[in-house]
Amino acid sequence: MSDKYSTRTAESSSDTAVVQWFRNPGCVDRSCPGGILAAKRTTDVDSHAQRLSPFGHVQRKDFMTDYDALVIGGGQSGLAAARALSRQGLDTAILEAGDEPVGSWPRYYDSLVLFSPGRYSSLPGMAFPGGEDRYPRRDEVIDYLRRYADTVDADILTHQRVDTVEYDGTGFTAHTAGGDTFTAPRLVAATGSFDSPYVPRLPGLDTFTGTVLHASEYREPTAFAGQHVIVVGAGNSAVQIAVELAEHAEVTLASRNPPKYLPQEPLGRPLHFWATVTGFDAAPIGPYLRTAPTQRVLDTGRYRRALTIGNPVPRSMFTSIDGTTVNWPDGTTSTADSVLLATGYAQHLPYLVGLGALDSTGRARHRGGISTTHPGLAYLGIDWQRTPSSASLRGVGRDAEFVAARLARTRKSTTTGLGSAKQ
Ligand SMILES: Cc1cc2nc3c(=O)[nH]c(=O)nc-3n(C[C@H](O)[C@H](O)[C@H](O)COP(=O)(O)OP(=O)(O)OC[C@H]3O[C@@H](n4cnc5c(N)ncnc54)[C@H](O)[C@@H]3O)c2cc1C
């Protein structure tokens, strides 16, 4: 295993090239352009060294660009994928658009507390710290992912937004917004869904003269103090945000169907305990479902109570909006300052559109995370991809092991001379 923060030299298994690994000498705070780790496969170490910039960073064009596997997205799914691929002996790179490999967690709302206790919020190989039965906060997840990234034996290249991916029949080329290209015979798309908020067509919403925002843009409630806010949705985010906002604003929770609840701790144990001991959590039933089941609100009783006393006020979905006037099915009207859409997310895979890997709605064509259109292509982090826990901290590692084993096997059996898998 390599220590990715130290310099090392090794013979490549695929050719006679020397692989040199450099920790960016001046990149101690993870923020320098080009990312956490720079690495370069070259036959000429001296000339490579000369290409170091005067600031000690390896210039962007000098990254190693030919890998056994590429992972697009450096969140929990990307990290789990990279760990599993490297355990299959594959030289792996994560290409992450942001400045560190912590996924979308820093962009989630400030008060977020996990619905899963620490014991059920761990990725493979590293327990979530600080108490197994405690429900961690958002920032603890960010710290956890930072430390997890340090344990992953892969190149993590930040500020690398993948714009397009091409396939030539044997492997993939990823083109980044900065003009870099990376190649590999295997590619895992792990870019989550947070960058594709789903905005439903609601009658008159385009005439609304107040503020319209999606839950993905919501951070904290005080910005809405004194307003009338209509929160649209009936899932976990809708209810949590509506209840939090209701302490500062007049809030209506509008939804087609009333929220449905699940007790967070039935019979005194976390729901995830029961899902685990019954085997439900890991049941590979995802491929047999046509659509993901409706999300239920995990509740200790607090949310149901708040809605029962009308703070926030639950209402059937409005029929239309006209300016600031909102029309309700019972014929009444109200005015609103903001409409907050907690209406979910779609898969975020724009860089695969040209590849023909997606269906007409932009969703991956896959079975259990394995592409049904391109050998060597896989997905991670999709809701109900394989199991009920596929899109969660506790479940994505299981899928990562499955996908990595399949990718390693598929490529070995269907191609010759591809990649440089360590045997
Ligand atoms: C509000 C909220 C609360 C949640 N609470 C929990 C919880 O309590 N417990 C739990 O287990 N799960 C929870 N989840 C679900 C899930 O664990 C998270 O959504 C998680 O962040 C998904 O991880 P991911 O790696 O699949 O995607 P993301 O975290 O979205 O990471 C995707 C990464 O891909 C990068 N990326 C995107 N496009 C590109 C591109 N073109 N090129 C390169 N990089 C790109 C992004 O910058 C990002 O870093 C919650 C989700 C939400 C939205």
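The values are calculated or read from the model by the stated rules, or taken from the named source; none is laboratory data. In this text the structure is predicted, and so the values were computed from the model without any measurement. Counting neighbours? That spans all protein chains shown, and the Cβs are built from the backbone with ideal geometry, glycine included.
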Working only within segment 76-119, note down all residues that are surrounded by 24 or more Cβ atoms within 10 Å (Cβ to Cβ) and hydroxyl-bearing (Ser, Thr, Tyr).
Ser77, Thr92
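Being at pLDDT 95 or above, assigned by TED's automatic domain parsing to the domain that holds Ala174 and either farther than 28 Å from Thr173 by Cβ or under 13 Å from the mean Cα position of the chain (by Cα) (or both) is the requirement here; does Arg363 meet it? Walk me through how you get there before you give the answer.
Values: at pLDDT 95 or above: yes; assigned by TED's automatic domain parsing to the domain that holds Ala174: yes; either farther than 28 Å from Thr173 by Cβ or under 13 Å from the mean Cα position of the chain (by Cα) (or both): no.
Taking the combined requirement at face value, the residue does not satisfy it.
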Counting only residues that are assigned to a strand (DSSP E or B) and acidic (Asp, Glu), which one in segment 145-188 is surrounded by the most Cβ atoms within 10 Å (Cβ to Cβ)?
Asp155
Of the residues in segment 64-79, how many are touching a helix residue (DSSP H, G or I) at 6+ places or on another chain (Cβ under 7 Å) and more than 8 Å from the ligand (Cβ to nearest atom)?
2
Based on what the data block shows, is Glu220 over 21 Å from the mean Cα position of the chain (by Cα), buried (at least 18 other Cβ atoms within 10 Å of the Cβ) and of a type in the set (Asp, Glu)?
no
When the residues of segment 340-374 are narrowed to those that are within 14 Å of the ligand (Cβ to nearest atom) and β-branched (Val, Ile, Thr), which ends up nearest to Ile241 (Cα to Cα)?
Thr343
Please go through (1) surrounded by fewer than 17 Cβ atoms within 10 Å (Cβ to Cβ); (2) within 13 Å of the ligand (Cβ to nearest atom); (3) part of a loop (DSSP other than H, G, I, E, B) for Pro329 and return the number of the only condition it doesn't satisfy.
(2)
Restricting to segment 126-144, count the residues that are farther than 22 Å from Leu85 by Cα and in a helix (DSSP H, G or I).
6
